[in-house]
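The values are calculated or read from the model by the stated rules, or taken from the named source; none is laboratory data. Being a predicted model, the structure only gives us computed values, none of them experimental. Note that we place each Cβ from the backbone using ideal geometry, even for glycine, and neighbour counts take in every protein chain shown. SASA here: full protein model, heavy atoms, side chains in, ligands and nucleic acids out. Shrake-Rupley method; radii C 1.70, N 1.55, O 1.52, S 1.80 Å.
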Amino acid sequence: MATHKRKTHRGAAKRFKITASGKFKRGQAMKRHILTKKASGRKRKLAQGTLVAKADQHTVRQMLPYA
């Protein structure tokens with residue numbers, strides 16, 4: 001008997017992209033509001049993406065079974 005198809009977590013699919021090496025990219029937090037008190041350099045660095053921590057990669061991979 002065939003195994004069931006797994007469902008992709010749609011919220012996670014919108015937030016994470018997989019790299020060529022199999023890691024997950026994510027956007028940074030703290031860039032939505034209250035931006036006047038944050039320095040320009042800080043806001044520039046927040047605009048860049050970063051990688052998901054190694055401790056969280058297993059969880060993200062479970063939410064995105066076909067990524």
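Remarks
- Nearest-10 value in Å² for the accessible area of Ser21, using the 1.4 Å probe: 90 Å²
- Solvent-accessible surface of the chain, averaged per residue with a 1.4 angstrom probe and all protein chains in place: 89 square angstrom.
- Karplus-based coupling profile of the stretch 41-55, in residue order and whole Hz: x, 5, 5, 5, 5, 5, 6, 7, x, 9, 8, 5, 4, 4, 5, with θ = phi - 60° in 6.51 cos²θ - 1.76 cosθ + 1.60 and x standing for Gly or Pro.
- Applying the criteria of a DSSP loop state and at most 13 other Cβ atoms within 10 Å to the chymotrypsin sites (Phe, Trp or Tyr not before Pro) of the chain yields Tyr66.
- Longest segment of the chain lacking trypsin sites (Lys or Arg not before Pro) that sit in a DSSP loop with at most 16 other Cβ atoms within 10 Å: 39-67
- ³J(HN,Hα) computed for each position of the stretch 31-40 - Karplus, 6.51 cos²θ - 1.76 cosθ + 1.60, integer Hz, glycine/proline x: 10, 8, 8, 6, 8, 5, 7, 8, 5, 4
- Based on Cα contacts under 8 Å between residues 6+ apart, the chain shows a relative contact order of 40 percent.
- Once the chain from Lys37 to Ala53 is taken as fully extended at 0.36 nm per residue, the excess over their C-alpha distance is 3.0 nm.
- Lysine pair count for the stretch 15-67 with Cα-Cα distance under 25 Å and sequence separation of 8 or more or different chains is 19.
- The chain: calculated mean residue ellipticity at 222 nm from DSSP helix runs of at least 4, using -39500 (n - 2.57): -9500 deg cm²/dmol
- Share of carbon and sulfur in the accessible heavy-atom surface of the chain [1.4 Å probe, %]: 54 percent
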